[in-house]
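Here's the structure we're looking at; comments come further down.
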Amino acid sequence: MVSLAILTLYAIRQYALALNRLRPGRRRYSASQENAIELSGYYMPRLTVIVPMHNEERVAADILRALTECDYDPDRLQVIAANDRSSDRTAAIIDRFAARHPFILPFHRTSGKPGKPGVLNDATPLITGEILLLFDADYIPGRNLLKLLAAPFADPAVGAVMGRVVPQNTGESLLSSLLCLERAAGYQVVQESRAMMGFSAQFGGTVGGVRMEALEAAGGWNIDTLTEDTDLTCRLILKGWKVAYVNRAECYEEVPASWSVRSVQLSRWVVGHTDCFHRFALPILRDRRLPLAERIDLFFLLSGYLTAPLLLLSWIASFLLFFIEPGPLAPGLGAGAAFIGCQMFGNQATFIEMGLAAHMDRARRQAMLIPLSLLSFFASTTSICAALLRYYRSRWFGGPADAWARTQRSRPVAP
């Protein structure tokens, strides 16, 4: 019954976010369809953009080219292209762009803990900007994106900002198309609805930024986590900073096109996110400076992956119920029926969010794939449970823990 209660509460939260997004006056902001925010007269802060790279020859030139074509004042812009011991042509691509554009600073890392958190930590002393923006190497920012991400920092209470992630390889495979629906639901509905309710956004570690003052106040980067973004989000909130979300700040990414790549990516997220749950969930619940509704929302945000084993239990109960005959086991039928009812109620919330996001994005053809999201849903739940099993086995009994792993790219090598 505890499992049923948790799943029901989690589902109610998802329905509340979806219904809030449906309220009159809620509109879709799109960088491609709406005018960019007017920043004339606004003090343009000096920005530093860091792009961590490891064997990114397929995508390095695309993001560096996009950053050189952005409309931010180059005299107030620093781009740190951080090469973390690449064995391909990444270093040469970075050096080629740096030779042409003075605001690009090559940083060739040859030691230290591998992975993005370590790269960010070692590159921090090179930062000259007041605001630090981050992009993963496979992302392609639009011309006005830097301004859109810088604008919320006009509010001195904002310590970090998050933009919207939009997949650009939607048609590469069925999986990439389904992940596009998931991304749209996560940003267009969940993140935007949470922002409209006054809750802090989840800083995603890319297509976002952090105020250097806030980063220092929070203690800098944690190099011992697999999800430095969630870790920093929690520490910023506990220090009293707000995390803003800008739905119209769209940036285009490459999502996994094969399940083997997706599984590795998902495993890293699950382990890092769950570790943050154990370290920050109780401190956030106890922080009375935050409104109670926001504390509860953040608790469910951190515990999201832990619902996967509960869903698996409900599936097993539903399967067994199919073979149970009436009689002495009748009481078990009630429990099984409750599992089925909760399962249907909870699972529908995710698909409603996908449908709402597709409607707001005017992606009618893509919405036709929503029923096939069951395939991704079942596969993701299985991978999440496997990652949680490894995490808790390592946490309770020792042994090797998951290491930081770069997501493989499928894009053709850029010239």
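Please treat every number below as a calculation from the coordinates, not as lab data. Since this is a predicted model, take the numbers as computed values, not measurements. Note: ideal-geometry Cβ built from the backbone for every residue, glycine included; neighbour counts use all protein chains shown.
Distance from the C-alpha centroid of segment 76-141 to that of segment 347-407: 30 Å, rounded to the whole angstrom.
In sequence order, segment 60-67 has phi-based couplings of 4, 5, 5, 6, 5, 5, 4, 5 Hz under the Karplus curve 6.51 cos²θ - 1.76 cosθ + 1.60, θ = phi - 60°, and Gly or Pro positions carry x. Just checking the listed ones, Leu389, Leu311, Leu134: in the Gaussian network model of the chain with Cα springs under 10 Å, the one fluctuating most is Leu389.
Annotation: for a label point projected 7 angstrom from Cα along Cα→Cβ of Ala386, residues of segment 223-264 with backbone N closer than 17 Å are 256-264.
Rounded to the nearest whole Hz, the Karplus-based 3J(HN,Hα) values (6.51 cos²θ - 1.76 cosθ + 1.60, θ = phi - 60°) of segment 254-259 follow the sequence 10, 8, x, 9, 10, 5, with x at glycine and proline.
Peptides 90-100, 235-245, ordered by how many other C-beta atoms sit within 10 Å of their residues on average, highest first, read 235-245, 90-100.
Could you tell me what % of all Cα pairs in segment 177-248 have separations over 20 Å?
That fraction is 33 percent.
Distances between placed amide hydrogens fall under 5 Å for Ser86 paired with Asn55, all partners being 5 or more residues away or on another chain.
If eta is 0.890 mPa s and T is 25 °C, what Stokes-Einstein diffusion coefficient results for segment 30-258, Kirkwood Rh from Cα pairs, in µm²/s? Rounded to a whole number, D works out at 138 µm²/s.
Each residue of segment 171-183 is assigned a 3J(HN,Hα), and the resulting list reads x, 5, 7, 4, 4, 5, 5, 5, 5, 5, 5, 5, 4 Hz, derived from the Karplus form 6.51 cos²θ - 1.76 cosθ + 1.60 (θ = phi - 60°), x at Gly and Pro. Using only side-chain charges placed at the Cβ, +1 for Lys and Arg and -1 for Asp and Glu, the dipole size of the chain relative to its Cα centre rounds to 480 debye. Cα-based radius of gyration for the chain, normalised by 2.2 N^0.38 Å, reads 1.01. Relative to the dominant Cα principal axis of the chain, helix 90-100 is inclined by about 40°.
Under 5 Å between amide hydrogens, built in the peptide plane, is the criterion, and for Val49 it picks out Gln78, Val79, Ile80, Leu133 among residues at least 5 positions away or on other chains.
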